[in-house]
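Here is the structure we will look at, set down as structure tokens.
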């Protein structure tokens, strides 16, 4: 082991639709913003304060196609990946930096009822095909049937 770790785990809501970019050779890339919130109470004013942090998510190839097909703005998703910073030149010739989360694993957390979409129940089962730990995440992936909550093992 090299003694370093670059790992990010986020649970948040999509801020926009997945934007796809296709390349020669059949590869593709999906990008979308993800919002995470931190809420606390100000002790002096007793006011609830919510801070939103925005993250740039990048998904590649089959994972990107799955995200484009089943995710939409506002959906809740678990993202696991690594931080990567890109350096680029803007129109004025200035160096710019952009930090992204390159997604290696994801799980859809919004159920069909919550999202209000007319997607089939297979949409909730699409993510495990792209995950290395699908057995651990399987209870989240199963479509919600009436009475299914009573059968949970915990």
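Brief remarks follow.
- Residue tally, condition over 9 Å from the mean Cα position of the chain (by Cα) and either part of a strand (DSSP E or B) or more than 24 Å from residue 62 (Cβ to Cβ) (or both), over segment 99-109: 5
- Restricting segment 36-48 to residues that are within 19 Å of residue 11 (Cα to Cα) and without any contact (Cβ under 8 Å) to a residue 24 or more places away in the chain, the residue that is farthest from the chain's Cα centre (by Cα): 40
- First in segment 17-31 and more than 13 Å from residue 61 (Cβ to Cβ), second anywhere and exposed (fewer than 11 other Cβ atoms within 10 Å of the Cβ), Cβ under 8 Å, 6 or more apart: none
- In the set (1) in contact (Cβ under 8 Å) with a residue 40 or more places away in the chain; (2) in contact with a strand residue (DSSP E or B) (Cβ under 6 Å, 6 or more places away or on another chain); (3) over 12 Å from residue 106 (Cβ atoms), the condition left unmet by residue 69 is number (2).
- Looking only at residues in segment 49-73 that are surrounded by 15 or more Cβ atoms within 10 Å (Cβ to Cβ) and over 26 Å from residue 97 (Cβ atoms), the one that is farthest from the chain's Cα centre (by Cα) is 65.
- Of the candidates 119, 132, the single residue that is under 22 Å from residue 5 (Cβ atoms) and modelled with pLDDT under 50 is 132.
The values are calculated or read from the model by the stated rules, or taken from the named source; none is laboratory data. Since this is a predicted model, take the numbers as computed values, not measurements. Quick reminder, even Gly has a Cβ in these numbers, built from the backbone with ideal geometry, and neighbours come from all protein chains shown.
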